[in-house]
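Asker: Just dropping this structure here.
Read the figures in this text as sums done on the coordinates, not as results from a lab. Note that the coordinates shown come from a computational prediction; the quantities given were computed from them, not determined experimentally. Cβ coordinates were reconstructed from backbone atoms using ideal geometry, including for glycine residues, and neighbour counts include every protein chain displayed.
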Ligand code: DGL
């Protein structure tokens, strides 16, 4: 067996990406790190997100990971270049699927739901500048939504009230396509769709990042040839709490272990 595919997110959101990778590459062994002690990244400073993401990337590389999949839009927005500079394994990142959403939209009005951190990043500004292609892109920050999902509010009144709040400006703007720009959101996709109404198309990035992971491994001649793969989850938070919600969104129990992940305090100073 070769080394695992390292996957990283601030919490359980990246499991929406792990699910796609598992489906496309069932022979791979996935080693997933959830930085639950520091979730949500969306409300943290860029320096903090960089420091945590680099610590996780280094740890996964030290475990023999052949590739790092940053299954978090916020961490990718803040730290992708830094990771590529500091790690020796290939790094695949993720960004809101603005380009396919613009291509799919019929009325030229596209909404993006994401964390505050993602929407304020330079990467996101570049993405919109490069791919809006004359369409109007309405960015909708959703502070607190990832936390609700982490806490298991997957389909209750608390979640529905928050959904209605975030959907209102998008409906007002008349968008016909909405990007799920955070890996937590696919787990409440139906609830988001219900809040937006039946005529709005929803676009997410999980399948594309799985295909990119496959491509990078194939081109490096590193694809696991066969056999049954696996998924192992480590959290910097409480394994029992994380395991309970992870089992609900995955549909079966998943073993979760604790991981201590120490980060360099001021990543901007060591750059
Ligand atoms: N899952 C994450 C993302 O894709 C971040 C959620 C958070 O920690 O705020 O942006």
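Asker: Using packing as a proxy for protection, rank 92-100, 131-139 so that the peptide with the highest average count of other Cβ atoms within 10 Å comes first.
Answerer: Working: 92-100: 23.1, 131-139: 16.3.
Answer by packing, highest mean first, reads 92-100, 131-139.
Asker: In nm, what is the difference between 0.36 nm times the number of residues separating residue 154 and residue 133 and their Cα-Cα distance?
Answerer: Residue separation times 0.36 nm, minus the Cα-Cα distance, leaves 4.1 nm.
Asker: Here's another thing I want to ask about it. What shape does segment 7-63 take by its C-alpha gyration tensor, where a ≥ b ≥ c are the square roots of the eigenvalues and a/c under 1.5 counts as rounded, a/b above b/c as prolate, and the rest as oblate?
Answerer: Since a/c reaches 1.5 but b/c is at least a/b, the shape of segment 7-63 is classed as oblate.
Asker: Extending each Cα 7 Å along its Cβ direction at residue 218 and residue 171, get the distance between those two points in nm, one decimal.
Answerer: Those two pseudo-labels are separated by 4.2 nm.
Asker: What is the distance in Å between the Cα centroid of segment 82-131 and that of segment 158-213?
Answerer: If we compute the Cα centre of each part, the gap is 15 Å.
Asker: Beta carbons within 10 angstrom, averaged per residue: use that to sort the peptides 73-86, 247-260, highest first.
Answerer: For the peptides 73-86, 247-260, the packing ranking is 73-86, 247-260.
Asker: Could you give the angle, 0 to 90 degrees to the nearest 10, between helix 73-86's Cα long axis and the longest principal axis of the Cα atoms of the chain?
Answerer: 40 degrees
Asker: Distance in nm between label sites at residue 2 and residue 193, each 7 Å beyond Cα in the beta-carbon direction?
Answerer: Output for this residue pair reads 3.6 nm.
Asker: While we're on this one: Suppose the chain between residue 62 and residue 43 were pulled fully straight at 0.36 nm per residue; how much longer would it get relative to their current alpha carbon spacing?
Answerer: Residue separation times 0.36 nm, minus the Cα-Cα distance, leaves 4.0 nm.
Asker: Going by a ≥ b ≥ c, the root eigenvalues of the Cα gyration tensor, does segment 107-241 fall in the rounded group (a/c under 1.5), the prolate group (a/b larger than b/c) or the oblate group?
Answerer: oblate
Asker: How long are the semi-axes of the equivalent ellipsoid of segment 148-223, taking √(5λ) for every eigenvalue λ of the Cα gyration tensor, in whole Å from largest down? Intermediate results must be reported in sequence, preceding the final value.
Answerer: Numbers: eigenvalues 186, 52, 13 Å².
They are 31, 16, 8 Å, listed largest first.
Asker: Also: What is the Cα convex hull volume of the chain when expressed per residue in Å³?
Answerer: So the per-residue hull volume is 122 Å³.
Asker: Something else: Which number do you get for Rg(Cα) / (2.2 N^0.38 Å) in segment 28-134? Write out the running numbers ahead of the final one.
Answerer: Values: Rg = 15.1 Å, N = 107, 2.2 N^0.38 = 13.0 Å.
In units of the globular-protein estimate, segment 28-134 measures up at 1.16.
Asker: For segment 87-185, what's the radius of gyration and Dmax over Cα atoms, in angstrom?
Answerer: 14.5, 46
Asker: If I stretch the segment between residue 238 and residue 106 completely, what's the gain in nm (0.36 nm per residue apart, minus their alpha carbon distance), one decimal?
Answerer: Numbers: separation 132, 0.36 × 132 = 47.52 nm, distance 4.49 nm.
Going from the current span to full extension adds 43.0 nm.
Asker: Further question: Using alpha-carbon pairs under 8 Å, 6+ residues apart, how would you state the relative contact order of the chain in percent?
Answerer: 27 percent.
Asker: While we're here: Would you please put 114-123, 34-43 in order of how densely packed they are, using the mean number of other Cβ atoms within 10 angstrom per residue and starting with the highest?
Answerer: Output ranking for 114-123, 34-43: 34-43, 114-123.
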